[in-house]
Amino acid sequence: MRLKLLNWLWLVSGAALAGNPLPLGEQLRVADPSAHVWPDGRLYLYTSHDLECQQDFYMQDWLVFSTSDLQHWTAHGPALDLKAVSWADNYAWAPDAAYKNGKYYLVFPAGTGVKNRSQPEKSTKWMGIGVAVSDNPAGPFKDAIGAPLWRTPYANDPSLFIDDDGRNWLYFHGRDFDYYVVELADDLLSTKGDFIKMDMGGYEPKMEGPWVFKRNGLYYFTMPENNRSLAYYTATSPTGPWTYKGVFMAQEGENNNHHSIVQYQGQWLLFYHRWLQSADSACGKQRQVAAEYLQFDLQGLILPVKRTEQGLKGFAAQK
C-alpha cells in the first residue's frame, strides 16, 4: 500500500514486518519518536515530519502511528498541523504526549522567524512549547492554550513525565537553559512554580531531546549527549540530584539522535531515528525511525545497545 505525503486518508501501513527502519510509510521521513502505551493496549508513536529536501528543519506538522504487535503499524495522519496554531508558523519539532484525566495531551515545540547561518547575529528564530488536547490518542489535537507555556527561555524538545504521585514534570532543551525542569499544573496547561536547575553531579555536556522514565523506583534521565550519543543519569527523585552513568548507544557518524524508551508487553524498547540514504530521495541522507530492545543488568544499569537491521522483528511478549 502506497501512502503519499499529500494523502492523509491513512490506513494500515502495509504488511512488511518491523525490521529497521520501521515500516511507517513509503517516501515518508519521520524522526524524534515519542513512544507511549495507552489504556487501549496499543503502542503509539508521535513523531516529527521532515519535508522532502527541507532546509534547517522547516517543518509543519506532527504525525501519529500505532501498533498492537510492533510488526504492523497503522498511520493515523497528522496529530496537529501548524495551520491550527496561532502563535507559530514553523519548526514543528520533536513532540511528546501524555494521558491524564481521561484526555490525551500533545506537548509540542514550534516557533517563528528565520535562522541565519552565515550571520547568526541576524537570526530571528524563536521557539516555545505548546500543549494540545484530544479525546482520542490518534488525534486530531487542538491547541489548548493559544500560546506557548512560556516565551523565555527559548525552548524545544519537551519530555513530559507524570510520576506515580500524579505530579507532572516537564523537561526540555533550552538555549543556555539545559538541565532545568518545571512542574506543570494538574490540567497540564500551565506551569506550577519556577524552573528548577537540577544537580547533574558536575557533568553537563551539550544535550538535546531529554527523556525521563522510571523503573523499579529509580528515575532515568536519558539524552543525546553532545546531540549524538545516547547517555543517561539515574536518581531517586524526578528532580535529582542525578548521577551520570555513561553512554548506552554510541553516535553514528556526525548525525544527531533523538529517542524515547517505553515498556510494552513486558519488554523495554528503545525508539530512535537514524540518518539513512533512501533510493527514492535525491536529498542525501534522510531521518527515519528505528527501534531496538533495551536491557538492564541486575543493578539497573542500561546495557549497551547496537543498531541492527533486525530491530523488533519477531517481537513476542514476555509471559
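Below, the figures for the structure above:
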| quantity | calculated |
| --- | --- |
| Flag for GLY111 being in contact with a strand residue (DSSP E or B) (Cβ under 8 Å, 6 or more places away or on another chain), at pLDDT 95 or above, more than 25 Å from ARG42 (Cβ to Cβ) and not aromatic (Phe, Trp, Tyr) | yes |
| Residues (open to solvent by less than 50 Å² (accessible area, probe 1.4 Å), among the acidic types (Asp, Glu) and over 18 Å from GLY217 (Cα atoms)) located in the range 292-319 | GLU292 |
| Condition met for LYS83 (in a loop (DSSP other than H, G, I, E, B) and of a type outside the set (A, V, I, L, M)) | no |
| Which numbered condition GLN286 fails, given (1) open to solvent by 40 Å² or more (accessible area, probe 1.4 Å); (2) more than 28 Å from PRO39 (Cβ to Cβ) | (1) |
| Residue list for the range 253-279, restricted to those being open to solvent by 30 Å² or more (accessible area, probe 1.4 Å), part of a loop (DSSP other than H, G, I, E, B) and modelled with pLDDT of 95 or more | GLN265, GLY266 |
| Hits in the range 186-218 - residues which are over 22 Å from VAL262 (Cα atoms), among the hydrophobic types (A, V, I, L, M, F, W, C) and open to solvent by less than 20 Å² (accessible area, probe 1.4 Å) | MET198, MET200 |
| Count of residues meeting criterion [assigned to a strand (DSSP E or B) and buried (at least 16 other Cβ atoms within 10 Å of the Cβ)] in the range 226-246 | 9 |
| Which listed residue, of TYR105, TYR99, is closer than 17 Å to PRO39 by Cα, touching a residue at least 60 places away in the same chain (Cβ under 8 Å), open to solvent by 40 Å² or more (accessible area, probe 1.4 Å) and within 17 Å of the chain's Cα centre (by Cα) | TYR99 |
| The range 219-229, residues that are in contact with a Leu (Cβ under 8 Å, 6 or more places away or on another chain) and either more than 27 Å from GLN263 (Cβ to Cβ) or aliphatic (A, V, I, L, M) (or both) | MET223 |
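Each row is one residue, and each column tells you yes or no for (1) open to solvent by 30 Å² or more (accessible area, probe 1.4 Å); (2) within 20 Å of THR222 (Cα to Cα).
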| position | (1), (2) |
| --- | --- |
| ASP81 | yes, no |
| ALA88 | no, no |
| ASP157 | no, yes |
| ILE162 | yes, yes |
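The values are calculated or read from the model by the stated rules, or taken from the named source; none is laboratory data. Please read these numbers as outputs of a predicted model, since none were measured by experiment. Note that each Cβ is placed from the backbone with ideal geometry, even for glycine, and that neighbours are counted across all protein chains shown. In case anyone asks, the SASA skips ligands and DNA or RNA and just uses the protein heavy atoms, side chains included. Shrake-Rupley method; radii C 1.70, N 1.55, O 1.52, S 1.80 Å.
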